[in-house]
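Below is one structure, written out as structure tokens; comments come after it.
The values are calculated or read from the model by the stated rules, or taken from the named source; none is laboratory data. Predicted model, so just to flag it, every value in this text is computed and none were measured. Cβ sites come from the backbone with ideal geometry, for glycine too, and all protein chains shown count toward neighbours. Note: areas computed on protein heavy atoms with side chains; ligands, DNA, RNA excluded. Shrake-Rupley method; radii C 1.70, N 1.55, O 1.52, S 1.80 Å.
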Amino acid sequence: MIKLCDTTPSSLEFLLDGHPGYRRTQILDGIYRSHRLPAELTTLPRDLRSLLEGEIQPALTHVAESASDNGETVKWLFALEDGQRIETVLMRYSDRVTVCISTQAGCAMGCSFCATGQGGFGRNLTTAEMLEQIFWAERAAKPRAVTHVVFMGMGEPLANYDRTVAAARRLRSDFGISPRRLTISTVGIIPGIRRLAAEGIPITLAVSLHAANDRLRDELIPMNRRYPISGLMEACSEYVSATSRRVSFEWAMISGVNDRAQDAEELASLAIPLRAHVNLIPLNPTPGYAVIGTAPAEVARFASQLRRLGANATIRDTRGREIAAACGQLSMREAQNQLRLPHRRPNLVDSLPSEH
Ligand code: SAH
Ligand code: SF4
């Protein structure tokens with residue numbers, strides 16, 4: 001049996017024995033360009049279609065769907081064959097259609113503020129499982145087409161490096177989505193950033209910085225102890241030189257933690273030399289982390305301070321917030337509904353100085 005997005009010219013060779021050569025292109029175009037399931041490839045002869053239906057099967061099953069922004073944002077919870085859960089989000093804007101995909105079920109990086117991190121690690125996704133998220137999003141987006149893909153759902157893409165890069169390459173070759181329209185978001189795995197720089201694919205790199213000094217970043221992001229900020233900035237600089245793409249810094253604003261004037265100064269001093277673009281977003285509340293996102297007026301103040309200092313900053317759209325679109329939250333809610341799991345204790349708040 002072949003997984004839907006493992007369908008390639010070579011995997012079809014055996015199935016198409018005795019059929020004319022053009023069937024191969026018809027099937028591949030049907031799946032990757034028209035986003036049809038084998039049963040829907042009605043231009044194929046019936047016997048071939050039923051053969052394909054039996055042999056080519058989806059890897060993802062829809063478990064839950066929620067919509068917001070008048071249906072412009074849709075979030076899916078999918079089950080994988082082994083029961084693991086992942087999330088995918090489709091965001092329709094006036095000028096683009098963006099899909100946010102997961103690269104792992106869960107995540108081993110343990111960031112304190114992140115629902116996925118709080119839930120622990122399941123497993124790496126296969127390339128076919130990553131691509132099938134685009135397949136379903138393309139179907140839902142019709143009559144429009146997906147224009148941008150962000151690897152910003154569950155998991156750490158650079159901890160599942162080979163399969164993620166293979167997915168990025170196949171997005172171009174199979175789905176026709178250019179690497180310039182792809183963004184890989186990382187917690188800051190330095191060797192992964194260096195490898196990606198050497199691949200020669202012009203993907204946008206987003207680094208989830210959230211803190212501009214090691215003391216705070218160590219608390220928020222355990223991986224920072226292994227890959228501290230100075231080395232991370234060097235790797236980012238290599239990435240910019242190798243790809244001529246800008247790097248962006250993600251900054252989830254946490255009230256009283258990383259939203260003070262001094263934080264803006266430290267952040268600007270990292271962003272300016274790299275000409276990095278800073279994306280600000282108020283922290284989405286998660287059950288396991290008892291602090292709150294910065295109020296909108298304070299986010300705006302922080303953004304203007306950054307700009308005054310000479311950094312490039314935008315306030316990110318909080319699409320899907322009302323459907324718990326922050327990384328990992330839908331699956332956590334689902335798990336709690338089903339299993340009535342107790343909330344985990346917050347792990348950062350205890351170690352913060354008392355004035356926070
Ligand atoms: N593991 C990768 C990509 C997935 S996380 C990474 O960390 O970059 C996608 C983004 O969501 C990251 O920028 C992450 O820091 C952010 N994020 C996680 N939890 C969040 C929360 N509660 N509120 C706002 N952003 C959050
Ligand atoms: Fe993993 Fe990213 Fe969440 Fe950190 S923020 S736990 S790296 S998914």
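For this structure, a couple of remarks:
- Residues being modelled with pLDDT of 95 or more and within 18 Å of residue 208 (Cβ to Cβ) - total across the range 304-338: 4
- Of all residues assigned to the range 169-179, at least one qualifies as being open to solvent by 40 Å² or more (accessible area, probe 1.4 Å), in the same structural domain as residue 127 (by TED's automatic domain parsing) and of a type in the set (Ser, Thr, Tyr).
- Identification of strands (runs of 3 or more DSSP E) wholly contained in the range 61-180 with 3 or more residues that are not polar (S, T, N, Q) yields 61-68, 73-79, 85-92, 97-100, 121-124, 148-151.
- Unique residue being more than 14 Å from the chain's Cα centre (by Cα), without any contact (Cβ under 8 Å) to a residue 60 or more places away in the chain and within 24 Å of residue 283 (Cβ to Cβ) when the list is 120, 110: 120
- Scope the range 100-117; condition of a type in the set (A, V, I, L, M, F, W, C), farther than 18 Å from residue 161 by Cα and near ligand 2 (Cβ under 6 Å from one of its atoms); matching residues: 111, 114
- Hits in the range 184-193 - residues which are touching a residue at least 60 places away in the same chain (Cβ under 8 Å) and not in a loop (DSSP other than H, G, I, E, B): 185
- In the range 1-36, residue farthest from residue 176 (Cα to Cα) [restricted to those that are open to solvent by 30 Å² or more (accessible area, probe 1.4 Å) and in contact with a Gly (Cβ under 9 Å, 6 or more places away or on another chain)]: 1
- Members of the range 262-279 found to be within 13 Å of ligand 1 (Cβ to nearest atom) and surrounded by fewer than 22 Cβ atoms within 10 Å (Cβ to Cβ), listed by number: 279
- With respect to (1) open to solvent by 20 Å² or more (accessible area, probe 1.4 Å); (2) in contact with a helix residue (DSSP H, G or I) (Cβ under 8 Å, 6 or more places away or on another chain), the lone exception for residue 226 is condition (2).
- Any hit, the range 131-152, residues being of a type in the set (Lys, Arg), open to solvent by 30 Å² or more (accessible area, probe 1.4 Å) and within 16 Å of ligand 2 (Cβ to nearest atom): no
- Conditions (1) surrounded by 23 or more Cβ atoms within 10 Å (Cβ to Cβ); (2) within 13 Å of ligand 2 (Cβ to nearest atom); (3) farther than 24 Å from residue 97 by Cβ: number failed by residue 184: (3)
- Scan of the range 218-271 for residues that are within 20 Å of the chain's Cα centre (by Cα) and more than 16 Å from ligand 2 (Cβ to nearest atom), ordered by number: 236, 239, 245, 246, 247
- Yes/no for residue 55 being touching a residue at least 24 places away in the same chain (Cβ under 8 Å) and over 23 Å from residue 97 (Cα atoms): yes
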